[in-house]
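Here's the structure we're looking at; comments come further down.
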Amino acid sequence: MDTRLDELAQSFGLQTQSWDWKGSPIHVSDDTVVAVLAALGIDASSDAAIDAALADQRDRSWRRPLPSGTVMQQGQVAWVNAHVPTGWPAALGIRLEDGDWADVPQIDNWNDDRLIDGQWLGEATFELPGDLPLGYHRMVLTYGDAEPQQAEASLAVTPASLEMPTDHRLWGYAAQLYSVRSNGSWGIGDFVDLAALATWAATTQHADYVLINPVHAAEPTPPMEPSPYLPSTRRYINPIYIRPDAIPEYAGVAGPDRNRLRKLQTRAVSLPRETIDRDTAWAIKRQALRIVFDAGLSPARQMSLHAWRHSEGRPLHDFGLWTLLCEQSGTDWHAWPASEQRPTSPECDALAADNPQDLAFIEWQQWIAQEQLNEAQHAAREAGMRLGVLTDLAVGTNPDGADTWMMSDVYAGDIEVGAPPDAYNQLGQLWGQPPWRPDRLADLDYAPFRQVVRHALHHAGGLRIDHVMGLFRLWWVPRGRPPNEGCYMRYNHEAMVGILALEAHRAGAVVIGEDLGTVEPWVRDYLARRGILGTSVLWFEYEGGQPLPPDRWRGACIASVTTHDLPPTAGFLALDHVHLRNDLGLLTEPLNVELERAHDEQRWWLDYLANEGYIVNPMDGATLDDVEATVLGLYRALVASPATILCVYLVDAVGDRRTQNQPGTIDEYPNWRVPLCGPDGHPIGLEDVFSSPRPMRLAAVMNGWQHVPPPWSQEVV
């Protein structure tokens, strides 16, 4: 690669060299580098363009009196460079979040002055003390003599480390919320079901949390994207999770509207149970919600809604506009008229003015959704859970969604996030998501990221970060190219992890990073130092090519037997995933070869369970079949690990075998549309879960009773 092009690429965080899963070097092509830089608005198509871009990049920081997006750790000294006209005196102070003021000392800086855009500028360095309080502060630079000028910039002081829950081993359930339905569900699991699940898990199981899939908002009109990991926005909630009859105003609806609500509820509750039909469920539910909305609010409730809308500000308004436009023009905003492709256009203002009630209805849905999620968290904590609801943060958003419309300049629109080839996906992966531009995040003081994290933690005891490596680097692939023609783009992980830690500290929440797959070794150590837990999955724990016994796992993690991208443990043991991939044409080897390979992966663990006495002897539980006995044995092995938090997938507790998501497919398999099922493959409701003895036996294992059911459930013996 041209050394100048390489220098330019690295100045923007683009890695031109890395290592693949086999340990071989990857050299990024010039074409890929030029395409990625173009997505950042940088022309690198010729030698002259490269030289001009390099010169501009070297002077970029000098064009601002103070840098944007400064983030530091509490307890550590940091330095800030200010740039002012040559010879002008300069002083720096900090306006703290609580209104107090702190002066900042200046230290020596011997760098030469520079001629920038026809003016000579000098550089002054200031030392930020390590004892500044946590929070979002403002740096204020005063410079000049006769008529002093001022410039301001943000400063975030973040915790060096989050406090981990080390005084008590925690365990809880992971569930795909949409799949967990009760007799009262309107065709899909909802926040009322979540509250009931959490209450049951806390009071009869002694569980400490329920971890759910991302509940970010999807498209407002059919077809709705089934994957919760490809939302339209990560800031707002999918109103499909609202339970209409749990809204306080529902009970007050009378007359013909009351009859309409009854009919809608009957239709929703009677939807076929074999699959999750989001589109139909939402169409019915939306009609019911509009009836309840039109019924109005009491004065006190109206004041509460007004205060909430005021606190949300312009982003809520813009999200409502996007929803209205989707209903009017389709869900791909790139195909809308140019006048509708930015939320501040006169045409968008006119749309809002012409449809005030429709816009208010959309905003009201978000208020109700957050109320019901908050009630679920309250129910979980009141029932005795130490953490309550844990939410999941998707790694990105739909390229045609609300976030990219509201913040188009923050995203690299011609780039698709994915993963390079690895042992499990030897062609690599494309996830269909545009990435945040690291330069624009810094320009905006990381406000978009801060808002996403703050909203995710608003009604939760913790947050799981899907693909936590995205805070460090992402695999960028120019749109239209295969995934092996990508490159890594680095992000300011100190800033992003720091902001994540600050928001979690203020929320009193734990943070879990999904660090499976290709992860640089130092990243796990760094996250552990910052108090962010990693993720360990039993089937993926290897060292030196051999499975790693649980007692040698790391402690700073959440540990589970399976994950949502694998079948439930009963299905995994039966090698259902191999047969499914064969049926879908996804295997690269003959079926018998893949079956033998998968069996070999399990053989070590089955031998380990037998040797360690983790599989229950028939006389200890005569009602157990071999599959359940093995599942319980695997969870006993999990309990033997030093992991800070243990995770039980609800599908394992009820004996389900069907996978929720088959990687490498979209509609070939009903990904993210599989209801919770029993061992026979038939859908079951929450009431069936509550009365089943299987979860009680698994809870006994998680609570430390290796072979004996807990005393409050003697009937399962």
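Gain in length, ARG114 to GLU520, computed as 0.36 nm per residue apart minus the alpha-carbon separation, to one decimal in nm?
Extra length from ARG114 to GLU520 when fully extended: 142.4 nm.
At 1.4 Å probe size, with the rest of the protein present, what percent of the exposed accessible area of the chain is carbon and sulfur atoms?
Result for the chain: 51 percent of the exposed heavy-atom area is carbon or sulfur.
Mind checking the full-extension length gain between ALA338 and ASP443? Use 0.36 nm per residue of separation minus the Cα-Cα distance, one decimal, nm.
35.2 nm
Can you tell me what percent of all Cα-Cα pairs in the stretch 559-607 are more than 14 Å apart?
Value for the stretch 559-607: 53 percent of Cα pairs lie more than 14 Å apart.
Sorted by packing (mean other beta-carbon atoms within 10 Å per residue), highest first, where do 569-578, 40-49, 177-186, 344-353 land?
177-186, 569-578, 40-49, 344-353
Just one of (1) 44, 33, 26; (2) 51, 37, 23; (3) 58, 44, 37 is semi-axes √(5λ) of the Cα gyration tensor in Å as worked out from the coordinates here. Which one is it?
(1)
Per residue, how much accessible area does the stretch 480-609 show when a 1.4 Å probe rolls over the protein heavy atoms, in square angstrom?
Roughly 40 Å² per residue, with all protein chains present.
By average Cβ neighbour count within 10 Å, what is the ranking of 218-230, 254-266 from highest down?
Most protected by this proxy first, the peptides run 218-230, 254-266.
Just the Cα atoms of the stretch 362-427: what Rg and Dmax do they give in Å?
Cα-based Rg and Dmax for the stretch 362-427 come out at 18.4, 48 Å.
How much net charge surrounds LEU587 when only other residues with a Cβ under 13 Å from its Cβ are counted (Lys, Arg +1; Asp, Glu -1)?
Its environment carries a net charge of -2.
What number, rounded to the nearest 500 deg cm²/dmol, is the helix-based mean residue ellipticity at 222 nm of the chain, given -39500 (n - 2.57) per DSSP H run of at least four residues and division by all its residues?
Only helices count here, giving -11000 deg cm²/dmol.
Determine, from the Cβ-Cβ distance of ASP31 and ARG138 and an R0 of 51 Å, the FRET efficiency 1/(1 + (r/R0)^6), rounded to the nearest 0.05.
0.75
Arrange the peptides 5-17, 75-87 so that the one whose residues have, on average, the most other Cβ atoms within 10 Å appears first. Mind dumping the intermediate values first?
Working: 5-17: 17.8, 75-87: 15.6.
Highest-to-lowest ranking by the protection proxy: 5-17, 75-87.
Skip the ligands, DNA and RNA, and give the accessible area per residue of the stretch 137-279 with a 1.4 Å probe, whole Å².
Averaged over the residues of the stretch 137-279, the accessible area is 36 Å².
So what are the ³J(HN,Hα) numbers for the stretch 450-461, from phi and the Karplus equation (6.51, -1.76, 1.60; θ = phi - 60°), rounded to whole Hz, Gly and Pro as x?
4, 5, 5, 5, 4, 5, 5, 8, 4, 10, 8, x
The values are calculated or read from the model by the stated rules, or taken from the named source; none is laboratory data. These numbers come from a predicted model, not from an experiment. Because the Cβ atoms are built from the backbone with ideal geometry, glycine has one as well, and the counts that use them run over all protein chains shown. For the accessible areas, the whole protein counts, side chains as well, though only heavy atoms, and no ligand, DNA or RNA atoms are used. Shrake-Rupley method; radii C 1.70, N 1.55, O 1.52, S 1.80 Å.
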